[in-house]
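Notes to accompany the following structure.
The values are calculated or read from the model by the stated rules, or taken from the named source; none is laboratory data. What you see is a predicted model; the values in this text were computed from it and never measured. Note that we place each Cβ from the backbone using ideal geometry, even for glycine, and neighbour counts take in every protein chain shown.
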């Protein structure tokens, strides 16, 4: 690990950023430096502006993704290098606000039933029934399932805030069947192909399960799991 990467990692950890955000920020700065073939501490705001244009023009990234990249660079210059940064020099791109397309209940049933494996099926059921984010579902532990109060405890969600979400009887029955089949010890959804790893699955596993199920279901939409509000489950789709 380079000195700059270690410095940025320490600054992110000191501010209690989530593991996913830390991973994204470090990758964004590494890609920025790789694009210019120079150490990032030798680059300036004009390089950031050029890089923004490249992300839009050549990589065809959307405004939300570019905003995340710029936020990572802003953190690097301000908090890691302690350099001046003004929003006038490198403004965040304007986001295009569009209403999401939400799958109907019938389409959701098709999606869940088309899951390629029982493991993928319980992942999709948990995503939909709880309205939780992929990263939150991936990190669920056995002890987070409270069948007495009929809630699921979400640890360190967005903004590192804990919360409880409702646990439906149907999901509880499905989770009990899942536990009986795999006997997980700590993580509700353990990693690796046999689901026996001492660490949980990665969030991208849930995205992949959703993608495969949508293909098998024959849905003519690009489907991805995304809650609209913290208490509203949904699978969103782009035509």
### Summary
Given (1) modelled with pLDDT of 90 or more; (2) farther than 16 Å from residue 9 by Cβ; (3) in contact with a helix residue (DSSP H, G or I) (Cβ under 6 Å, 6 or more places away or on another chain), residue 95 misses just (1)
### Task
Looking only at region 20-43, decide whether some residue is at positive phi and in contact (Cβ under 8 Å) with a residue 12 or more places away in the chain.
no
### Task
Being in contact with a helix residue (DSSP H, G or I) (Cβ under 7 Å, 6 or more places away or on another chain) and within 19 Å of residue 18 (Cα to Cα) narrows it down to one of 137, 161, so name that one.
137
### Query
When you scan region 134-239 for strands (runs of 3 or more DSSP E) that lie fully inside it, which ones turn up with 1 or more residues that are surrounded by 12 or more Cβ atoms within 10 Å (Cβ to Cβ), assigned by TED's automatic domain parsing to the domain that holds residue 110 and modelled with pLDDT of 90 or more?
151-154, 163-166
### Message
Quick check on residue 12: is it within 30 Å of residue 201 (Cβ to Cβ), touching a helix residue (DSSP H, G or I) at 6+ places or on another chain (Cβ under 6 Å) and either in the same structural domain as residue 199 (by TED's automatic domain parsing) or in contact (Cβ under 8 Å) with a residue 40 or more places away in the chain (or both)?
### Response
yes
